[in-house]
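J.: Got a structure for you, questions after.
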Amino acid sequence: MKLAFADFWPGFQPDHNFFLYLFQDMYDDVKLVTPEMADVLIYSCFGGQHGFVNRADTFKIFYTGENLRPNYQECDMSISFDFDTYAGRNVRLPLWMLQIDWFNKVDYENPKYVLPLQDIEENEFTQKPKTKFCTTVYNNPAPHRVEMYEKLSKYKQVDGFGTPFGNWFYGEGEKYKIISDYKFSICFENSMFPGYYTEKLFHAKTAGTVPIYWADEYTKLDFNENSFINLHDFESIDELVKHIEEVDKDEDLYLKYFTEPLFRETPSLDQVKFGIRRILDSQI
């Protein structure tokens with residue numbers, strides 16, 4: 001198989017990334033080539049290079065971790081966070097899964113740090129003493145994020161990191177070092193759509209904080225809903241803030257969240273591999 005990549009995020013390494021290792025794990029003799037020479041082209045939403053690849057025998061796979069829908073006028077299949085199979089043409093791969101080092105590789109560029117599978121529940125960050133109350137990390141000051149930050153800050157100091165706070169940093173590893181000092185971490189998604197679960201909850205929980213999350217009710221299909229606090233379960237942010245105050249003051253209640261694992265079962269790529277092969281093997 002001649003495989004190529006196009007239109008991925010800045011820092012993406014065509015010769016050192018999750019998708020390359022995934023396909024090498026599924027198929028023999030996977031050769032990395034330029035997009036113009038590919039049998040299979042995997043492209044994302046950060047450019048338009050894929051539009052210039054017009055070879056009839058190039059199978060195009062659209063990948064997105066963003067809150068976007070596939071355009072099947074441009075691609076043959078998609079890999080996204082959507083639960084919808086789009087008549088059998090979409091394979092679900094939520095963005096949080098790219099935060100795990102499935103293939104025991106190191107030194108990725110973006111994401112800069114991925115967590116080994118065996119370290120999800122216990123690692124150097126979960127073991128750190130939680131000496132501070134709460135933090136939040138974001139670049140997009142969406143109204144619900146700002147409201148949550150401001151209202152919880154009236155109870156205790158919440159430390160913000162990111163462009164709106166004037167202290168942005170780069171790299172998942174640096175994020176882990178920072179947020180792992182805190183008891184709680186506000187990690188709201190920037191928008192809501194069924195299945196749209198990014199790295200935010202995964203980072204917060206595996207760094208040893210109790211995540212304060214915002215996504216839909218279907219998070220329980222990916223995660224153990226008892227391991228974090230979800231705004232979706234409350235009538236308002238005010239009600240959520242009151243609950244966090246209760247958890248902060250009650251050590252037993254806090255430990256219930258803290259000790260619950262993020263996953264009910266160890267995550268696996270089996271369904272992802274099965275879905276990709278089911279579509280791809282029938283087409284090429």
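The values are calculated or read from the model by the stated rules, or taken from the named source; none is laboratory data. Worth saying up front: this structure is predicted, and the values here are computed from it rather than measured. With ideal geometry, Cβ positions are generated from the backbone for all residues, glycine too; neighbour counts draw on all protein chains shown. Heads up: the accessible areas ignore ligands, DNA and RNA and are worked out on the full protein's heavy atoms, side chains in. Shrake-Rupley method; radii C 1.70, N 1.55, O 1.52, S 1.80 Å.
J.: Quick check: the angle from helix 237-249's long axis to the longest principal axis of the chain, C-alpha only, nearest 10 degrees?
T.: 70
J.: Round to the nearest 10 and give me the degree value, 0 to 90, for the angle of helix 143-153's Cα axis relative to the longest principal axis of the chain.
T.: Between the helix axis and the principal axis of the chain, the angle is about 30 degrees.
J.: What fraction of the Cα pairs in the range 136-271, stated in percent, has a spacing above 18 angstrom?
T.: 54
J.: Something else about it: Considering amide H positions built from the backbone, and no H for Pro or chain starts, which residues 5 or more places from Asn67, or on another chain, come under 5 Å of its amide H?
T.: Answer set, sorted by chain and number: none.
J.: Using only DSSP helix segments of four residues or longer, with each worth -39500 (n - 2.57), what per-residue ellipticity at 222 nm results for the chain after dividing by its residue count and rounding to 500?
T.: Mean residue ellipticity, 222 nm, calculated: -7000 deg cm²/dmol.
J.: Taking Rh as the Kirkwood radius computed over C-alpha pairs, what is the Stokes-Einstein D of the chain at 25 °C in a medium of viscosity 0.890 mPa s, expressed in µm² per second?
T.: Answer, rounded: 122 µm²/s.
J.: How high is the relative contact order of the chain, in percent, with contacts defined as C-alpha pairs under 8 Å that are six or more residues apart?
T.: Normalised by residue count, the contact order of the chain is 14 percent.
J.: Return the long-range amide H neighbours of Ile79 (sequence gap of 5 or more, or a different chain), with a cut-off of under 5 Å between placed amide H atoms.
T.: Long-range HN contacts for Ile79: Phe62, Tyr63, Thr64, Val91.
J.: Oh, and also: Per the Kirkwood treatment, what hydrodynamic radius in Å, one decimal, follows for the range 1-118 from the mean inverse distance over all distinct Cα pairs?
T.: This gives a value of 14.8 Å.
J.: While we're on this one: Rounded to whole Hz and in sequence order, give me ³J(HN,Hα) for the range 21-34 from the Karplus expression 6.51 cos²θ - 1.76 cosθ + 1.60, θ = phi - 60°, writing x for Gly and Pro.
T.: Result, ordered by residue: 5, 5, 5, 5, 6, 8, 10, 7, 6, 8, 10, 7, 10, 7 Hz.
J.: Right, something else. On the first, second and third principal axes, largest extent first, how far apart are the outermost C-alpha atoms of the range 66-116 in Å?
T.: Dimensions of the range 66-116 along the principal axes of its Cα atoms: 36, 18, 17 Å.
J.: On average, how much area does the Cα convex hull of the range 209-276 cover when viewed from any direction, in nm²?
T.: 5.3
J.: If you take the Cα atoms of the range 1-70, find Rg, then find the Kirkwood Rh from the mean of 1/r over all pairs, what is Rg/Rh?
T.: 0.94
J.: The range 96-159: D in µm²/s via Stokes-Einstein (Kirkwood Rh, Cα pairs, 10 °C, 1.306 mPa s)?
T.: The Stokes-Einstein estimate is 109 µm²/s.
J.: Another one. What would the Debye formula give as log10 I(q)/I(0) at q = 0.13, 0.14, 0.15 Å⁻¹ for the alpha-carbon point model of the range 63-222, no solvent?
T.: Each listed q corresponds, in turn, to -0.67, -0.77, -0.87.
J.: Same structure, new question: Using Cα pairs closer than 8 Å and at least 6 residues apart in sequence, work out the relative contact order for the range 64-211, in percent.
T.: Rounded, it is 28 percent for the range 64-211.
J.: How large a share of the accessible area of the chain, in percent, is made up of carbon and sulfur atoms when the probe is 1.4 Å and the other protein chains stay in place?
T.: Ligands and nucleic acids excluded, carbon and sulfur give 49 percent.
J.: So, in Å, what gap is there between the alpha-carbon centers of the range 69-99 and the range 141-200?
T.: Using only Cα atoms, the two centres lie 27 Å from each other.
J.: While we're on this one: How high is the FRET efficiency between Lys156 and Phe274 when r is their beta carbon distance and R₀ equals 35 Å, given to the nearest 0.05?
T.: After rounding to 0.05, the efficiency reads 0.15.
J.: Shifting gears a bit: If you filter the range 203-257 for GluC sites (Glu not before Pro), then keep DSSP loop positions with at most 14 other Cβ within 10 Å, what is left?
T.: Those that pass, being in a loop and sparsely packed, are Glu235.
J.: For the range 162-284, what is the accessible area per residue in Å², given a 1.4 Å probe and the full set of protein chains?
T.: Accessible area per residue: 46 Å².
J.: Which whole-Hz couplings ³J(HN,Hα) result when phi for each residue of the range 37-47 is put into the Karplus expression 6.51 cos²θ - 1.76 cosθ + 1.60, θ = phi - 60°, listed in order with x for Gly and Pro?
T.: Each residue's phi maps through the Karplus curve to give 10, 7, 7, 10, 10, 9, 10, 10, 10, 10, x Hz.
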